[in-house]
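The values are calculated or read from the model by the stated rules, or taken from the named source; none is laboratory data. All values reported here derive from a predicted model rather than from experimental measurement. Glycine gets a Cβ as well: all are built from the backbone with ideal geometry, and neighbour counts include every protein chain shown.
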Amino acid sequence: MKTIPIRHIKATQKEPDFSEGFSIRDLRDLLAGKDMVQELHRHDFFYILVLKKGRGNHEIDFISYEVSDNVLFFMRPGQVHQLILKAGSTGYLVQFNTDFYYAHDKASNQLLRRTSNMNLYHPGAARFKKLLSILVDIFREYTDKQEGYQKVIKANLDILCIELARQNSKSPPNNINTYTQERFEEFSTLLETHISTHKQVSEYAGMLNLSPYQLNAITKATLGKTCSQLITEYIILESKRCLLATSNQVNQIAGHLGYEDVSYFIRFFKKHTGFSPEAFRHNFS
């Protein structure tokens, strides 16, 4: 079975323990006067596209966004996207993996996940100017490589995420306590990792040492949805990714997602999308 193409960080300079986990590119240099056209693929790293000036189209997990001035795109590992970025666009492209960004710091990882839950930011001119200044500092540190530059870059990434979290309407409400946020993030990570083999609320609750009632209370408090709803949404999303980003047969995709009964998978997909898998692929590819 073919898998969705996965891209890895390609650093401009080789440096042990750093360049493999982080890179930043000036879009002028990256585009070199030409359009950038990227077919459907996914990354194993976080991806931030900051556009001072931009034209084109960016589709992330089958939601199409028009590229414009003063916007920021933020993507999580595993998301599927395709991009058309016109020549003359300016800004920065930042790529980094979780290990680079405070891998063992729970608060920073939670902030990173909250921030990346929103794929498109329209900060407004004043706030965008502030965000752009952070990127300029990061690019300077990455280019000059003075003493302690890695720490400075990580600190600036932290500031960038805090600024974005302040305007992220999908961030957990202020009345959500830290425990609830942390358990929800743990559930989200498990869901992304085990969706092919675990589809029951009780299974995820067991992995978290919670009762199904407790896990549902956490997901409802955080996103207003039951755990079962979130499991279903993720199965459908991963199904769409496979249908549009690979040429695999429906029975192969069903097997990849843990469904031995292909007919059941087809009925399940149609119930939640209104299309059979083949019709979805035909209409949206």
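From the residues in the range 1-42 that are among the polar types (S, T, N, Q) and farther than 15 Å from N97 by Cβ, which one is modelled with the highest pLDDT? Even if it seems obvious, please write down each step before you answer.
First pass over the range 1-42, keeping only residues among the polar types (S, T, N, Q): 3, 12-13, 19, 23, 38.
Right, trim to farther than 15 Å from N97 by Cβ and you get 3, 12-13, 38.
Details: T3: 67, T12: 48, Q13: 46, Q38: 89.
The extreme case among them is Q38.
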Among (1) over 30 Å from E182 (Cβ atoms); (2) assigned to a helix (DSSP H, G or I); (3) in contact (Cβ under 8 Å) with a residue 12 or more places away in the chain; (4) in contact with a helix residue (DSSP H, G or I) (Cβ under 7 Å, 6 or more places away or on another chain), where does N251 come up short?
-> (3)
Could you please find all residues in the range 254-281 being hydrophobic (A, V, I, L, M, F, W, C) and touching a residue at least 60 places away in the same chain (Cβ under 8 Å)?
-> L257
Residues L190, L230: which one is surrounded by fewer than 16 Cβ atoms within 10 Å (Cβ to Cβ), closer than 26 Å to Q79 by Cα, touching a residue at least 12 places away in the same chain (Cβ under 8 Å) and not aromatic (F, W, Y)?
-> L190
Give S285, S276, S247 a once-over and let me know the one that is over 26 Å from S188 (Cα atoms) and at pLDDT 95 or above.
-> S276
Among F73, F62, F100, which is the only one that is in contact with a strand residue (DSSP E or B) (Cβ under 6 Å, 6 or more places away or on another chain) and either farther than 29 Å from S239 by Cβ or modelled with pLDDT under 95 (or both)?
-> F100
Residue in the range 90-110 that is part of a loop (DSSP other than H, G, I, E, B), of a type outside the set (K, R), under 21 Å from K34 (Cα atoms) and over 20 Å from the mean Cα position of the chain (by Cα) present = no
